[in-house]
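Structure first, then comments.
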């Protein structure tokens with residue numbers, strides 16, 4: 001006989017954790033580390049200003065969320081050419097996959 005004959009998931013409890021300030025703080029801290037690593041690459045936009053890497057709250061309907069983004073016209077090109085955010089995430093121990101569900105790298 002198994003020690004676990006029946007497992008019941010406390011969906012309300014899980015939802016509370018996913019919306020908790022403690023989880024938000026942990027996700028925010030990870031996002032700030034990624035942003036700091038991206039800024040630390042020293043990339044600049046055409047004007048000579050540092051590449052503007054931003055961290056902002058981006059919650060989903062059922063959980064906390066934080067986004068690291070380059071909201072600048074050159075941001076897409078910088079990410080495509082240099083992989084600024086993907087590399088920064090990797091440097092902090094995170095793995096990043098694209099939107100393609102078959103590509104989990």
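At q = 0.14 Å⁻¹, what log₁₀ I(q)/I(0) does the chain have when each alpha carbon counts as one equal point scatterer in the Debye sum? Ignoring solvent entirely, the Cα scatterers give -0.68. Over all Cα atoms in segment 50-92, the spread is summed up by Rg and Dmax: 11.8, 35 Å.
In the chain, the calculated helix contribution to ellipticity at 222 nm averages -12500 deg cm²/dmol per residue, counting -39,500 (n - 2.57) for every DSSP H run with n ≥ 4.
All of the numbers you see were taken from the coordinates with simple rules; none came from a lab. These figures come from a predicted structure and were not determined experimentally.
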